[in-house]
Structures are given as structure tokens and as C-alpha cells.
1. Would you call Val30 surrounded by fewer than 21 Cβ atoms within 10 Å (Cβ to Cβ), in contact (Cβ under 8 Å) with a residue 40 or more places away in the chain and β-branched (Val, Ile, Thr)?
2. Within region 202-220, how many residues are open to solvent by less than 30 Å² (accessible area, probe 1.4 Å) and either free of Cβ contacts under 8 Å to residues at least 40 places away in the same chain or acidic (Asp, Glu) (or both)?
3. Is at least one residue of region 278-288 surrounded by 24 or more Cβ atoms within 10 Å (Cβ to Cβ) and out of contact with any strand residue (DSSP E or B) (no Cβ under 6 Å at 6 or more places or on another chain)?
4. For region 221-230, how many residues meet the condition of being touching a residue at least 12 places away in the same chain (Cβ under 8 Å) and farther than 16 Å from Val206 by Cα?
5. Out of Gly102, Gly97, which single residue is in contact (Cβ under 8 Å) with a residue 40 or more places away in the chain and over 22 Å from Ser269 (Cβ atoms)?
6. At least 1 residues that are modelled with pLDDT under 90 in each: list the helices (runs of 4 or more DSSP H) lying fully within region 1-67 that qualify.
7. If I filter region 290-306 for residues that are out of contact with any helix residue (DSSP H, G or I) (no Cβ under 9 Å at 6 or more places or on another chain) and either modelled with pLDDT under 95 or surrounded by fewer than 24 Cβ atoms within 10 Å (Cβ to Cβ) (or both), do I get at least one hit?
Amino acid sequence: MTAKDLSFQTSSSARVLNYSICPVFVASHVAVELGWLDEELASVGASARYLGSLTMDEQNIAHHQHTLPFQIRDGGNIPPTWSHARGAENVVIGTTGFNSGGQIVVRADSGIYTLADLAGRKVALSRSNADYRADWWRANSEFGLLLLLRLGGLTFEDVELIEIPAIESTAQLPPVSRLSERWPQTERESLAFNLPEVVALGDGRVDAIFSNQGRSEILEKTGRFKVIEDLRRYPDWTLNAPSGPYLITASRTLLDQRPEIAIAFLRSSIRAGRWIADNRREAAVILNRVTYQTTPADVLRDIADIDFIPSFSNQNLVNLTLLKDFLFDHGYIGYNFEINRWIDDRFLKAALS
């Protein structure tokens with residue numbers, strides 16, 4: 001199937017793609033920074049509008065609930081899964097694999113060296129009361145902790161879970177045209193150190209926290225914290241399910257009325273993914289502007305074995321199913337559904353062709 005094979009209706013309101021990208025390792029960041037997203041959209045008579053150019057309330061709701069009819073979201077998998085289960089007409093049109101399910105971080109002087117040492121200890125679990133989005137960090141953390149404790153022969157019954165209330169930012173940040181304009185070093189460090197569970201770990205109210213790769217690296221560099229276990233160290237690729245795969249989701253209206261826009265977005269990401277494979281050092285500099293990692297060298301190390309080209313690999317679909325099942329079984333979503341019914345691979349096939 002090509003763009004010509006898909007009929008669409010032309011209207012001025014349908015020529016603008018509303019998009020957002022999470023601060024994670026996906027090729028669309030590179031496509032934006034190198035101008036390839038604009039170029040591919042222009043080739044089909046469309047343009048891009050980054051959701052960060054809207055008010056904070058507007059962008060938060062659209063990013064997490066997928067409310068706009070001509071919208072694409074790229075990044076973390078929990079918000080789009082949550083919004084789809086709530087009735088959002090978003091469709092998965094691509095996935096990107098990621099090889100880091102998460103880590104356990106403790107204080108460097110804690111005397112904790114192995115997962116078994118966590119028995120009887122206090123482990124933080126964040127909770128958000130925000131009603132406009134999924135409590136994605138709690139879900140990510142709970143799933144990751146469940147797997148990590150199991151690797152150490154433990155369950156949640158063997159540790160004391162301490163709920164730490166999340167702090168919802170009310171800051172009205174100025175509009176930006178792309179994420180790199182809002183992601184300076186000071187902001188990523190603030191996000192790493194000011195999280196309530198990190199504060200609780202630092203002052204001794206808890207003994208361990210779940211963390212993602214970029215945040216862990218920032219914390220370890222202080223000399224105050226250390227990682228005692230990392231899911232990516234294991235050959236079992238299903239242990240990456242708490243964090244991956246990343247999803248590219250598009251509004252059903254966009255796919256029905258302007259499919260060539262979705263194909264153009266995917267083309268730009270494929271183009272960027274292929275470029276990253278041959279230029280990882282240069283790509284690390286770009287991705288450092290939009291992710292948690294402190295330096296381009298950190299990024300280069302962490303992206304060494306990532307395939308950035310969107311796909312529907314069997315492993316990605318299995319991990320997405322594992323994540324969806326966890327979210328349903330643990331009450332994060334109230335509606336269960338089949339992953340295969342949520343996916344439409346025609347647009348990626350057209351982009352690849």
C-alpha cells in the first residue's frame with residue numbers, strides 16, 4: 001500500500017499534524033532536529049505543530065489522552081495504552097524496542113548489595129493523584145519492582161512498600177516549538193533529584209527505589225547512590241516489558257482522512273533510524289538534548305544496541321502484551337483488549353516501501 005492507495009479528504013484543518021515525543025530514545029527526535037519531519041510532511045502538503053506550543057493544560061491533556069483528531073504521539077507505552085482502554089481512538093502504527101526494564105537504586109552507604117538484602121527493607125512506590133493522565137511512573141515502577149524482587153526470590157510481601165505522593169507541577173512554562181528547547185541540563189537534573197521518592201531515599205525514609213536508566217546514571221554520579229540490580233543485564237528480553245517497547249500512536253481520524261501524513265511521519269523516523277545506525281556518535285549529541293542522560297557519551301553507551309527503525313517485531317508485540325496484561329491485572333486500566341486489534345501495520349509497510 002502506498003499513500004495513493006489510501007483515500008483522504010482535503011481540508012485546511014487536516015493539513016497540520018499535532019505531534020508530541022516523550023524524552024526517550026526514539027528516532028523521531030532526530031527527524032525533528034535534522035528537519036526531516038518538516039521535509040517529509042511538506043512533501044504531502046502538510047506541516048507539523050509540536051504540542052509544546054500549546055498551553056500546559058492543552059498539551060498535557062492531548063499528550064496523555066490523545067484527544068486531537070490529527071495527532072501522533074511517540075514514546076512511552078503506558079499513557080497510550082491507558083487512553084486506548086478509556087476509549088481514545090488511537091492506533092499503534094509503529095514500535096521501537098528498548099533494552100532497559102529498570103533498576104533498583106539504594107544509598108551507597110546502605111549496606112545493601114543484593115536483591116536478597118531488601119528483605120524487610122522499605123521500598124518506595126510513587127502515587128499520583130492527577131486525573132488527566134495515567135499514573136504511568138507508578139505502573140512502570142510496580143511492574144519493574146515485581147520482576148526485580150522475583151529475581152531475588154522475593155515478593156512484595158517480603159518488603160515494606162512505602163507510598164510516596166508524587167508532586168504535580170503547576171508551572172506554566174512558555175510555549176516551545178520542539179522538545180530540545182525545553183530540556184536544558186538544569187531541568188533534567190531537577191527531574192532526577194527532586195522526585196519525592198529520590199528525596200525519601202536520600203534522607204533515609206526508604207531504603208530503595210525503582211529508577212530508569214537515565215535517572216540512575218545521574219544519581220550514581222553524585223557518589224551518594226548506587227544501582228544494585230538492572231533488568232537489562234539478563235538474557236531474558238521479556239524483562240524489558242516494564243519500559244518497552246515505545247509506541248507510535250496515531251488518531252483514527254488522521255489515518256482515515258489523511259493517511260499520507262502518518263506515512264510521512266513514519267518515513268521521517270525510518271530515515272532517522274537508518275541514519276542513527278551509521279552515525280551513532282552524532283546521534284548521541286542530538287539525543288542528549290532531549291533525554292535524561294547527562295552527556296553525549298552516556299547516550300552513546302546506552303544506544304549502542306538499539307534498533308531505532310520502527311517495526312512490529314514479534315518481541316516488541318510480546319512485551320507490549322505483557323505490559324497491557326499487567327496494567328489490567330493490577331487495576332491501571334479497566335478494559336482489556338487484544339493488542340493485535342489495536343495495531344495497524346499498513347502505514348509502516350507503506351513507509352518502508
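1. no
2. 2
3. Yes, the conditions are met somewhere in region 278-288.
4. Number satisfying all stated conditions: 4.
5. Gly102
6. Filter on region 1-67 gives 56-65.
7. Yes, some residue in region 290-306 is out of contact with any helix residue (DSSP H, G or I) (no Cβ under 9 Å at 6 or more places or on another chain) and either modelled with pLDDT under 95 or surrounded by fewer than 24 Cβ atoms within 10 Å (Cβ to Cβ) (or both).
The values are calculated or read from the model by the stated rules, or taken from the named source; none is laboratory data. As the structure is a computational prediction, the values presented were derived from the model and not from experiment. Backbone-built Cβ (ideal geometry, glycine too); neighbour counts: all protein chains shown. Side chains are part of the model used for accessible areas, which takes the heavy atoms of the whole protein and leaves out ligands, DNA and RNA. Shrake-Rupley method; radii C 1.70, N 1.55, O 1.52, S 1.80 Å.
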